[in-house]
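The values are calculated or read from the model by the stated rules, or taken from the named source; none is laboratory data. Given the structure is predicted, the values throughout are model-derived calculations rather than measurements. We place every Cβ from the backbone using ideal geometry, glycine too, and count neighbours over all the protein chains shown.
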Amino acid sequence: MNRLQGKVAIVTGSTSGIGIGIAKLYAAEGAKVVICGRRAEKGQAVVDEIVKAGGEASYHYMDITDTASIESLMKDTVEKYGKLDILVNNAANVALKDGRVDELTVEMWDAIFQSDMRGTFYTTKCALPYLAQNGGGSIVNIGSMASCAGDLGSTAYACAKAGVDMLTQSVALQYGKQNIRCNCVRPGLIVTPQNEAHVPQALKDIFLSNICVNRYGCPEDIGHLCVYLGSDESAYVTGQIMTVDGGLNSHTTTVAQFRQMASRTW
């Protein structure tokens, strides 16, 4: 359990959901983890859980839409721990209203891009000098399967996450020679303690009828890949966009219907 021993990691948006899962696994693998988000009480609760389990963590306020708070996060982390090895860009605002192109206002579009695209860009930009100063490191962006193909809604969110895919590859290319790696993890349906009550059973059924395995995802499914990408085990892995969705996007879109017909082909 020492795959990240001695490393310092920032996990944005780690006061709930997937971010908590990543942060806890990072701490269990020996990293010093900075928990950050807007909710200090929830953030401190995560820190307390990690410390109780024998790990090391601290909380720092961060608003993904506030550039000053992002700058402060990076500066204070390096002042506290002496360096930065890993940045996990997990923070995003999935609660913002979204819809079809004709339904979206410019204000709605801009709000989603501000949190989900601009926030990831600026956090990365601020981290790069510290990673370079440290001799390199790993950036892990949390994308979304929404960027895999068109959808009936969530237009702005899908477009913003597609931008995260391209940002990942651009950063990997531009800073790879400085030993800075950048990869993207695209989660499928991840049910967390925070969102489970809000995920309708009908939605779960739709996903389960199309997923290759027998369950939907949990935060640890994303966290385990993030541990690998943050560790030296993945030293030759960069610029990759990895979808962790139980195989949802690995097959044709008609699978669920054929299963209902007890048929394997047309």
Practice item. Quick one: count up the residues across segment 144-185 that are more than 22 Å from E107 (Cα to Cα) and at pLDDT 95 or above. Key: 21
Practice item. Identify, by number, the condition in (1) assigned to a helix (DSSP H, G or I); (2) under 21 Å from the mean Cα position of the chain (by Cα); (3) among the small types (G, A, S) that A68 doesn't meet. Key: (2)
Check your understanding: Which residues, taken from segment 88-103, are in a loop (DSSP other than H, G, I, E, B), under 20 Å from the mean Cα position of the chain (by Cα) and at pLDDT 75 or above?
Key -> N90, A91, A92, N93, D98
Exercise for review: State whether the residues of segment 115-129 include one that is assigned to a loop (DSSP other than H, G, I, E, B), closer than 14 Å to I180 by Cβ and not β-branched (V, I, T).
Suggested key: no
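So that you can scan it fast, the table gives a plain yes or no per residue for (1) surrounded by 14 or more Cβ atoms within 10 Å (Cβ to Cβ); (2) of a type outside the set (S, T, Y); (3) touching a helix residue (DSSP H, G or I) at 6+ places or on another chain (Cβ under 7 Å):
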{"site": "D76", "(1), (2), (3)": "yes, yes, no"}
{"site": "A91", "(1), (2), (3)": "yes, yes, yes"}
{"site": "A111", "(1), (2), (3)": "yes, yes, no"}
{"site": "S138", "(1), (2), (3)": "yes, no, yes"}
Review point. When segment 13-65 is examined, which residues are found to be crowded, with 24+ Cβ neighbours inside 10 Å, part of a loop (DSSP other than H, G, I, E, B) and not β-branched (V, I, T)?
Key: G13, S14, A31, M62
Point to revise | Residues that are without any contact (Cβ under 8 Å) to a residue 60 or more places away in the chain, surrounded by fewer than 15 Cβ atoms within 10 Å (Cβ to Cβ), outside any loop (DSSP other than H, G, I, E, B) and not aliphatic (A, V, I, L, M), drawn from segment 167-211 | key: S170, Q174, K177, Q178, E196, H198, Q201, D205, S209
Check your understanding: Would you say L84 is modelled with pLDDT of 95 or more and closer than 22 Å to I222 by Cα?
Key -> yes
Check your understanding: Residues of segment 215-259 being under 21 Å from Q169 (Cβ atoms), of a type outside the set (A, V, I, L, M) and assigned to a strand (DSSP E or B), which ones?
Key -> T243
Review point. Within segment 141-150, how many residues are under 16 Å from D245 (Cα atoms) and more than 14 Å from the chain's Cα centre (by Cα)?
Key: 2
Practice item. Answer with yes or no whether V8 is modelled with pLDDT of 95 or more, surrounded by 18 or more Cβ atoms within 10 Å (Cβ to Cβ) and over 25 Å from G188 (Cα atoms). Key: yes
